[in-house]
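**Student:** Next up is a structure, given as structure tokens.
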Amino acid sequence: MNSDIDAKLIEQGRKLFAGDWQFFWAAPSIETLPPMAGIEVAFAGRSNAGKSSLINALTGRNSLARTSHTPGRTQELIFFEGPDDAGFRLVDMPGYGYASAPKAKVASWTALIHKFLQGRSNLARVYVLIDGRHGLKEVDLDVLKTLDKSAVSYQVVLTKADQVKSTELEQRIAATAAALAKHPAAFPEVLVTSSRTGAGMPELRAAMVRLLGERR
Ligand SMILES: Nc1nc2c(ncn2[C@@H]2O[C@H](COP(=O)(O)OP(=O)(O)O)[C@@H](O)[C@H]2O)c(=O)[nH]1
Ligand SMILES: [Mg+2]
């Protein structure tokens, strides 16, 4: 990749996320979604994968997206809006795969997400967050299958990189990329982040700037 273009995107990403990000809307159901406008990027992943922490790290706001030590607490689609003129939103999706969740809850999650993915033409990408300490689990693979069937492009992000030894992390990246080869709708490249150290944030912000450019 051209490093001048790279540096430019990194700088544009820094600027976009240095702007004023605000909570905008919480939707517990498909009927209560905000009207479609601008371009949206959503963050999916198991409960506790680090979705809310990643949104906080991206926007540099420690408590914009509420993070929780209690898995499975976010049960709504939460929308955040960027600086006025950017026309850009981040969506914190409810976590899936919380072991003690009752079956009915899992079914309602799947239904909500399925409907969201089907009907949201301004949704440019879903980032699927995978805890870097654990890698892809069965429930994640089920979600990737759901995403394959939707028209949305998606990419896997390995989170909590600060908690994994570098040799182990390399193996995890390789194993994840190998699994993704079976999912043609997935971006082949795996992103790696740490919300604690900020690792991977400039690259993720730059990727979203690139996406915005492509969608406009
Ligand atoms: N060490 C470390 N912990 C993290 C990181 N990201 C999230 N966590 C922790 O993981 C737990 C779940 O994070 P949260 O963002 O609430 O996950 P969510 O359920 O996917 O929204 C919290 O205790 C966070 O502090 C990270 O990059 N590094
Ligand atoms: Mg959360």
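The values are calculated or read from the model by the stated rules, or taken from the named source; none is laboratory data. Please read these numbers as outputs of a predicted model, since none were measured by experiment. Cβ sites come from the backbone with ideal geometry, for glycine too, and all protein chains shown count toward neighbours. These area figures cover heavy atoms from the full protein model, side chains too; ligands, DNA and RNA do not enter into them. Shrake-Rupley method; radii C 1.70, N 1.55, O 1.52, S 1.80 Å.
**Student:** For a quick check of understanding: with a 1.4 angstrom probe and all protein chains in place, what accessible area in square angstrom does residue 166 have, to the nearest ten?
**Tutor:** 90 Å²
**Student:** Let a ≥ b ≥ c be the square roots of the eigenvalues of the Cα gyration tensor of the range 131-216; is it rounded (a/c under 1.5), or, if not, prolate (a/b larger than b/c) or oblate?
**Tutor:** On the way: a/c = 2.15, a/b = 1.12, b/c = 1.92.
Oblate shape, in that a/c is at least 1.5 and b/c is the bigger or equal ratio.
**Student:** Sticking with this structure for a sec: In Å and from the alpha-carbon atoms only, list the Rg and Dmax of the range 142-186.
**Tutor:** 12.2, 35
**Student:** Then there is this: Which residues in the range 141-165 have a backbone N closer than 20 Å to a point placed 7 Å from the Cα of residue 183 along the Cα-to-Cβ line?
**Tutor:** Under 20 Å, as judged by backbone N against the label point of residue 183, lie 141-161 of the range 141-165.
**Student:** Just the Cα atoms of the range 1-41, one point each, no solvent: what log10 I(q)/I(0) does Debye give at q = 0.30 Å⁻¹?
**Tutor:** -1.07
**Student:** In addition: Taking a temperature of 37 °C and a viscosity of 0.692 mPa s, what whole-number D in µm²/s does Stokes-Einstein yield for the chain with Rh from Kirkwood over alpha carbon pairs? Walk me through the intermediate numbers first.
**Tutor:** Numbers: Rh = 17.4 Å.
D, rounded to a whole number, is 188 µm²/s.
**Student:** Right, here's the next one. Keeping the other protein chains in place, figure out the carbon and sulfur percent of the accessible area of the range 3-215, with a 1.4 Å probe.
**Tutor:** On the way: 5600 of 10440 Å².
Looking at the range 3-215 in its full context, I get 54 percent from C and S.
**Student:** For a test of understanding, tell me how many lysine pairs in the range 90-216 have Cα atoms under 30 Å apart, given they are 8 or more places apart or on different chains.
**Tutor:** 29
**Student:** Quote the accessible area belonging to residue 39 in square angstrom, nearest 10, computed with a 1.4 Å probe and with ligands, DNA and RNA left uncounted.
**Tutor:** 20 Å²
**Student:** Hey, another quick one. Which of the peptides 153-159, 205-211, 133-139 is most tightly packed, and how do the rest follow, judged by the mean count of other Cβ atoms within 10 Å per residue? Show your work: numbers first, answer last.
**Tutor:** Values: 153-159: 22.9, 205-211: 20.0, 133-139: 14.3.
Order by mean packing, descending: 153-159, 205-211, 133-139.
**Student:** Counting only complete DSSP H runs, which helices of the chain cover 30 Å or more along their long axis at the Cα atoms and score a mean Kyte-Doolittle of -0.5 or above?
**Tutor:** Working: long enough: none.
Helix filter hits for the chain: none.
**Student:** Per DSSP H run of n ≥ 4, the term is -39500 (n - 2.57); total these for the chain, divide by its residue number, and report the mean residue ellipticity at 222 nm rounded to 500 deg cm²/dmol. Walk me through the intermediate numbers first.
**Tutor:** Numbers: 6 runs with 84 residues, N = 216.
Estimated from H runs of four or more residues: -12500 deg cm²/dmol.
**Student:** Then there's this: Under a 1.4 Å probe, what is the accessible area of the chain per residue, stated in Å²? Don't jump to the answer; show the numbers that get you there.
**Tutor:** Numbers: 10860 Å² over 216 residues.
On a per-residue basis, the chain sits at 50 Å².
**Student:** Another question, if that's okay. Can you figure out the FRET efficiency of residue 4 with residue 63, using R₀ = 45 Å and their beta-carbon distance, to the nearest 0.05?
**Tutor:** Working: r = 36 Å, r/R0 = 0.80.
Using R0 = 45 Å, I get an efficiency of 0.80.
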